[in-house]
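Engineer: Have a look at this one before I ask anything.
Taken together, the values in this text are just the output of simple stated rules run on the coordinates, not laboratory data. Note that this is a predicted model, so its numbers are computed, not measured. As a convention, Cβ positions derive from the backbone with ideal geometry for all residues, glycine included, and neighbour counts pool all protein chains shown.
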Amino acid sequence: MGDLELRVTVLMHEYDTLRAEILQRMSHRFAIMGFAGVVGGYMLFEVKRASDYQTLFLAVAAAFLLAIWWQMGRVMLRCSNRIAEIELAVEQLLPGVGMCWESGRRGSPFMHKVHGD
């Protein structure tokens, strides 16, 4: 295996790993959104019957879920940025391959504003 082939193989393995990481975190974020929706719905309709401790617990739980959701987004953005770097590196090593999914989306202002990267 030549040096170029080895470098491309290593980069593509990292690329595949990071893509799988992003897909898994997206799935977890949707699950957290669903759970947060249940907590929010319960707070909306049952807050009059709940004690102060229950209301406080639900508010803290909702804040905790939001923090986890936000942190997962930051990690996804870092993975996405690294994938864009890998795409550019592979394109330099093998011109004309056309890897541009993340590098083309790299300027997405929404994720950068939300997650501060």
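Engineer: Apply the Karplus curve 6.51 cos²θ - 1.76 cosθ + 1.60, θ = phi - 60°, to the phi angles in region 4-12 and return the couplings in whole Hz, x for Gly and Pro.
Structural biologist: After applying 6.51 cos²θ - 1.76 cosθ + 1.60, I find 4, 5, 5, 4, 5, 4, 5, 4, 5 Hz.
Engineer: List the trypsin sites (Lys or Arg not before Pro) in region 2-59 that DSSP assigns to loop (not H, G, I, E or B) and whose Cβ has at most 11 other Cβ atoms within 10 Å. Which are they?
Structural biologist: Here the trypsin sites (Lys or Arg not before Pro) that fit, given the DSSP loop and packing criteria, are 48, 49.
Engineer: Take the Cβ-Cβ distance between residue 23 and residue 94 as r, set R0 to 35 Å, and report the resulting FRET efficiency rounded to the nearest 0.05.
Structural biologist: In this case the efficiency is close to 0.90.
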